[in-house]
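Just below is one structure, and these are the notes that go with it.
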Amino acid sequence: MQHLLKSLPKVDTLLAHNELKMFQKSTLLPIIQSHLSLLRENISSNTFSPKELESALNEIIPAIKEKAIKATNPTLTRVINATGVVIHTNLGRSVFSSEILDEITPFLKSYHTLEYDLAKGKRSERYTHTTQILCEMFGCEDALLVNNNAAAVFLILNTFAAHKEVIISRGELVEIGGSFRIPEVMKSASSILCEVGATNKTHLRDYENAINEQSAMIMKVHQSNFKQIGFVKQCHIKEIIHLARKHQLIDYFDLGSGHIGALPLADEPSVREICKYKPSLLSFSGDKLLGAGQVGIIIGKSQLIAQLKNNQLLRALRVDKFSILALQATLKAYQHKEYHKIPTFAMLNSSPKELESKAQNLAERIQRSPIAKKIDIKVLPLHSLAGGGSLPHLSFDSFGLSLQAKYLQTRDFESALRNLGLITCLQGERILLDMRTLLAGDEERIVEILLQVLSQKDDTLPSSH
Ligand SMILES: *Cc1c(COP(=O)(O)O)cnc(C)c1O
């Protein structure tokens, strides 16, 4: 045994090995150390048969190399979203079209007048580029952009309600995910939460009874990722605006996703409709239903927007030029009804009929491929979701495929697909691919991935991947 331990290569020898020298020492060292110590343990405890031992010794370099490759693989990789959840926060929310990117790339590749007034030769504001189009589209007085909608909520509370009371319905103290909870955000913005009503019902008189000299604002938050049904009542935005005005308070609506009325969305008013009632302030996300980049859009009264601009915090919440350009290009596409330029919109808008023929085509493609015999495929109707905490109650009729591999456990099949970048839904013993969220070129790639996963799989191989 002693001689076996001695025969293990030295750390320095391995570090200098030709096959491993493309890796950084800092990557290799821990891998080599743990690999060698594992081998030592196995040798000392006699776990290996002579044959296993021989192969373990022969495989030291390739094994270390494989671990080093894994450790240095980029973690940010492209994936196919076959979940049917259009605004998938974990998968990057809204996707950009080539058209939008082509419009904004020249600006990114050059200097531009982000904060510069050419006529005056002086500094200007980065917000000016989108103000006009936002005011035209929504009928508001003024607009401001921040890093995201969470930043918008924070900035607005901190500017107008620091150490003052914000009146809000108990049914709207929501948690959005990723540690964004309205009561906590209020605390960090130094606002005092004044919750009114009950979980299921809040009446206008509940708001009115809560108003006192400490009150600064009546806030209404979109419930976003859940929906209450049954014995429920929330006040209409219009009533809240009237009440706030009567008591000279600010009314603020965190619309979450917001929607601009281009999609027929059942039961909530669009941003433009809300603006008709002249709210003090509204905010919503740029990369949810709108389908632009990450940005928080604040619109409302000029005088209030001016106060927001004076808050020192704005600098820390500042929107990047990429987001401004992407928003501008996306809003223009809406104005010109060029919806194909907005993938989020196009996906939400695709008809079950289109999706059914997409599913049929993909099924046929797979059936023509060499792995056809190793898989059961069905075309079936599915229900997609908007996602991104918007429209939890609306399901979009869709179509997709249900897959079952003949010689592979469903869980193993799902994880093998996932490891190659195909994100699916696991439902019982079936893997579901929703066609709604597939992008151009995804079908080819899906067939390639299936080939890769299933081509070596037959009934002689163990089922785990
Ligand atoms: C999503 C959401 C937010 C946060 O918006 P981000 O753009 O993700 O920062 C805030 N409030 C509501 C109601 C939301 O739905």
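The values are calculated or read from the model by the stated rules, or taken from the named source; none is laboratory data. Note that this is a predicted model, so its numbers are computed, not measured. Every residue, glycine among them, receives a Cβ derived from its backbone with ideal geometry; neighbour counts consider all protein chains shown. Just so you know, the surface numbers come from the protein's heavy atoms only, side chains and all, with ligands and any DNA or RNA stripped out. Shrake-Rupley method; radii C 1.70, N 1.55, O 1.52, S 1.80 Å.
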One residue from Phe253, Phe231 being more than 16 Å from Val153 (Cβ to Cβ) and among the aromatic types (Phe, Trp, Tyr): Phe231
With respect to the numbered conditions (1) within 16 Å of the ligand (Cβ to nearest atom); (2) open to solvent by 70 Å² or more (accessible area, probe 1.4 Å); (3) in a loop (DSSP other than H, G, I, E, B), which one is the sole condition not fulfilled by Lys337? (1)
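Consider Ser169 carefully, then state whether it is buried (at least 20 other Cβ atoms within 10 Å of the Cβ) and in contact with a His (Cβ under 8 Å, 6 or more places away or on another chain).
Details: buried (at least 20 other Cβ atoms within 10 Å of the Cβ): yes; in contact with a His (Cβ under 8 Å, 6 or more places away or on another chain): no.
Judged against the criteria, Ser169 is not a match.
Going by the conditions given, is Asn46 farther than 30 Å from Ser384 by Cα and outside any helix (DSSP H, G or I)? Please lay out each step first, then the result.
Working: farther than 30 Å from Ser384 by Cα: yes; outside any helix (DSSP H, G or I): yes.
So Asn46 passes the test.
Only one of Lys321, Lys301, Lys309, Lys278 is more than 21 Å from Ala151 (Cβ to Cβ), modelled with pLDDT of 95 or more, open to solvent by 30 Å² or more (accessible area, probe 1.4 Å) and out of contact with any Phe, Trp or Tyr (no Cβ under 6 Å at 6 or more places or on another chain); which? Reasoning before the result, please.
Values: Lys321 fails: more than 21 Å from Ala151 (Cβ to Cβ); Lys301 fails: more than 21 Å from Ala151 (Cβ to Cβ); Lys309 fails: more than 21 Å from Ala151 (Cβ to Cβ).
Answer to the check: Lys278.
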Taking the criterion of being open to solvent by less than 60 Å² (accessible area, probe 1.4 Å), of a type in the set (A, V, I, L, M, F, W, C) and part of a helix (DSSP H, G or I), would at least one residue in region 65-83 satisfy it? yes
Would you pick out the residues in region 83-115 that are in contact with a helix residue (DSSP H, G or I) (Cβ under 7 Å, 6 or more places away or on another chain), at positive phi and within 14 Å of the ligand (Cβ to nearest atom)? none
Taking the condition in a loop (DSSP other than H, G, I, E, B) and in contact (Cβ under 8 Å) with a residue 12 or more places away in the chain, does Pro264 pass? no
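When the residues of region 283-334 are filtered to those that are hydroxyl-bearing (Ser, Thr, Tyr) and within 14 Å of the ligand (Cβ to nearest atom), which remaining residue is farthest from Met219 (Cα to Cα)? Give the derivation first.
Within region 283-334, the first condition is being hydroxyl-bearing (Ser, Thr, Tyr), and the residues that meet it are 283, 285, 302, 323, 330, 334.
Remaining after also requiring within 14 Å of the ligand (Cβ to nearest atom): 283, 285, 323.
Details: Ser283: 11, Ser285: 17, Ser323: 27 Å.
Once the filter is applied, the top-ranked residue is Ser323.
Quick one: would you say Ala162 is within 20 Å of Leu314 (Cα to Cα) and exposed (fewer than 15 other Cβ atoms within 10 Å of the Cβ)?
Values: within 20 Å of Leu314 (Cα to Cα): yes; exposed (fewer than 15 other Cβ atoms within 10 Å of the Cβ): yes.
The answer is yes for Ala162.
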Quick check, is Phe399 farther than 28 Å from Leu76 by Cβ and buried (at least 17 other Cβ atoms within 10 Å of the Cβ)? yes
Would region 19-27 turn up any residue that is loosely packed, with under 14 Cβ neighbours inside 10 Å and more than 41 Å from the chain's Cα centre (by Cα)? no
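Answer with yes or no whether Ala346 is assigned to a helix (DSSP H, G or I) and within 22 Å of Asn149 (Cα to Cα).
So Ala346 fails the test.
Look through Leu36, Leu28, Leu15 and report the one residue that is modelled with pLDDT of 90 or more, within 28 Å of Arg418 (Cα to Cα) and not assigned by the TED database to the domain that holds Leu420. Lay out the reasoning, then the answer.
On the way: Leu36 fails: within 28 Å of Arg418 (Cα to Cα); Leu15 fails: within 28 Å of Arg418 (Cα to Cα).
That would be Leu28, the only listed residue that is modelled with pLDDT of 90 or more, within 28 Å of Arg418 (Cα to Cα) and not assigned by the TED database to the domain that holds Leu420.
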Of everything in region 93-146 that's small (Gly, Ala, Ser) and in contact with a strand residue (DSSP E or B) (Cβ under 6 Å, 6 or more places away or on another chain), which residue is least open to solvent (accessible area, probe 1.4 Å)? Ala143
Among the residues of region 172-187, what is the count of those that are open to solvent by 30 Å² or more (accessible area, probe 1.4 Å) and either within 17 Å of Ser215 (Cα to Cα) or of a type in the set (Gly, Ala, Ser) (or both)? 5
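For region 224-235, check the following and say yes or no: at least one residue is among the aliphatic types (A, V, I, L, M) and touching a Gly at 6+ places or on another chain (Cβ under 9 Å).
Looking only at region 224-235, we keep the residues that are among the aliphatic types (A, V, I, L, M), and these are 229, 232.
Adding the requirement that they be touching a Gly at 6+ places or on another chain (Cβ under 9 Å) leaves 232.
Yes, that holds for at least one residue.
When residues of region 249-273 are filtered for being over 17 Å from Ile211 (Cα atoms) and within 16 Å of the ligand (Cβ to nearest atom), how many remain?
Taking region 249-273 as the starting set, the residues that turn out to be over 17 Å from Ile211 (Cα atoms) are 253-273.
This time we only want the ones that are within 16 Å of the ligand (Cβ to nearest atom), so: 253-260, 265, 268-271.
Adding up the residues that qualify gives 13.
Going by the conditions given, is Glu268 in the same structural domain as Cys135 (by the TED database) and open to solvent by 60 Å² or more (accessible area, probe 1.4 Å)?
Numbers: in the same structural domain as Cys135 (by the TED database): yes; open to solvent by 60 Å² or more (accessible area, probe 1.4 Å): no.
In short, no.
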Out of all the residues in region 226-237, is one or more closer than 30 Å to Asp287 by Cα, basic (Lys, Arg) and in a loop (DSSP other than H, G, I, E, B)? yes
Does Lys341 qualify as being charged (D, E, K, R) and in contact with a strand residue (DSSP E or B) (Cβ under 8 Å, 6 or more places away or on another chain)? no
Being modelled with pLDDT of 95 or more and either of a type in the set (Ser, Thr, Tyr) or under 25 Å from Leu265 (Cβ atoms) (or both) is the requirement here; does Ser351 meet it? yes
Cβ contacts < 6 Å: first residue buried (at least 22 other Cβ atoms within 10 Å of the Cβ), restricted to region 213-227; second residue of a type in the set (Asp, Glu), any location; separation 6+ or different chain. Result? Ile218/Asp251
Being more than 17 Å from Met347 (Cβ to Cβ), part of a loop (DSSP other than H, G, I, E, B) and outside the structural domain of Asp267 (by the TED database) narrows Leu408, Leu394 down to just Leu408
By residue number, the members of region 234-248 that are open to solvent by 70 Å² or more (accessible area, probe 1.4 Å) and either within 16 Å of the ligand (Cβ to nearest atom) or within 30 Å of the chain's Cα centre (by Cα) (or both) are His236
